[in-house]
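All remarks here apply to the structure that follows.
The values are calculated or read from the model by the stated rules, or taken from the named source; none is laboratory data. Quick caveat: nothing in here was measured; it's all calculated off a predicted structure. Here the Cβ positions follow ideal geometry from the backbone for every residue, glycine too, while neighbour counts run over all protein chains shown.
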Amino acid sequence: MSIVLAMAAVTGGMLAAQRQRALAEAREDNARLAIQEERNRMARDVHDILGHSLTVITVKAELASRLLEVSPERARAEVDDLERLARDALADVRQAVAGFRDMSLPGELARARTSLAAAGIEAQLPNATDAVPTELREVCAWALREGVTNVIRHSAASTCTVTLSERGITVADDGLGPDSSSSPPGTGLLGLEERALAVGATLRTRRLQPHGFELSVLTSEPGARPAPQHDDKVEA
């Protein structure tokens, strides 16, 4: 009898030790996943912030250079704006790294209007954001930033049109569209796709006829969860 009890005690101790090891391994796995998720968030946010800011800074620097001879005062104003943009970008990156970065859809609309004007692109933007549900406003703000950055950087467009609705956002331009031989989607679109999926929306990109390009982040119809679609890819 004592042998049986001893074996039971040993077996129980071994099982308890195994459970403890399994719990410790699970905690380590969860910690690693949390760290990786935070790294991904930081990389996504920093890319989206710097991608847009550096694009606008480049456009404004080129404009200031062109104005230097014909209108020094306007050139100086553009240089002052460049300094502000650089400071804002630095503050945004610091907030993103600290995890306190908030996106405002009205703020991004104002930023888009300024950025498109600096690039010489007509901006057809809504005056209000009331149509967009609260839970979609942040992802729509990120989509607006990504879409406008791509319009300025890649499209050679003359007009950019932004549409907001209860399902999300659409950003369209009348430019050349992406090169059909371009590489798979860059960090910007991949990050936006992750943001969209997190709120039950879908990122789509497609060419427009006879020319142009459209990016949208829209919620699915009730009961449907279609997979993300990319008719054409843009590196961003």
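For the reader, a short list of remarks on this structure follows.
- Exactly one residue out of 155, 220, 181 is modelled with pLDDT under 85, among the hydroxyl-bearing types (Ser, Thr, Tyr) and under 23 Å from residue 57 (Cβ atoms): that is 155.
Every residue, every condition in (1) surrounded by fewer than 16 Cβ atoms within 10 Å (Cβ to Cβ); (2) assigned to a helix (DSSP H, G or I); (3) within 21 Å of the chain's Cα centre (by Cα), yes or no:
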residue: 63; (1), (2), (3): no, yes, no
residue: 80; (1), (2), (3): yes, yes, no
residue: 88; (1), (2), (3): yes, yes, yes
residue: 120; (1), (2), (3): yes, no, no
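- Within region 127-145, the set of residues being part of a loop (DSSP other than H, G, I, E, B) and either more than 15 Å from residue 110 (Cβ to Cβ) or out of contact with any helix residue (DSSP H, G or I) (no Cβ under 7 Å at 6 or more places or on another chain) (or both) comprises 127, 128, 130, 131, 132, 133.
This table checks each residue for (1) in a helix (DSSP H, G or I); (2) in contact with a Leu (Cβ under 7 Å, 6 or more places away or on another chain); (3) modelled with pLDDT of 70 or more.
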site: 41; (1), (2), (3): yes, no, no
site: 50; (1), (2), (3): yes, no, yes
site: 57; (1), (2), (3): yes, yes, yes
site: 66; (1), (2), (3): yes, no, yes
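- A search for C-beta distances below 9 Å between a residue of region 191-209 that is part of a loop (DSSP other than H, G, I, E, B) and any residue that is hydroxyl-bearing (Ser, Thr, Tyr) and surrounded by 15 or more Cβ atoms within 10 Å (Cβ to Cβ), counting only pairs 6+ apart in sequence or on different chains, returns 199/219; 200/219.
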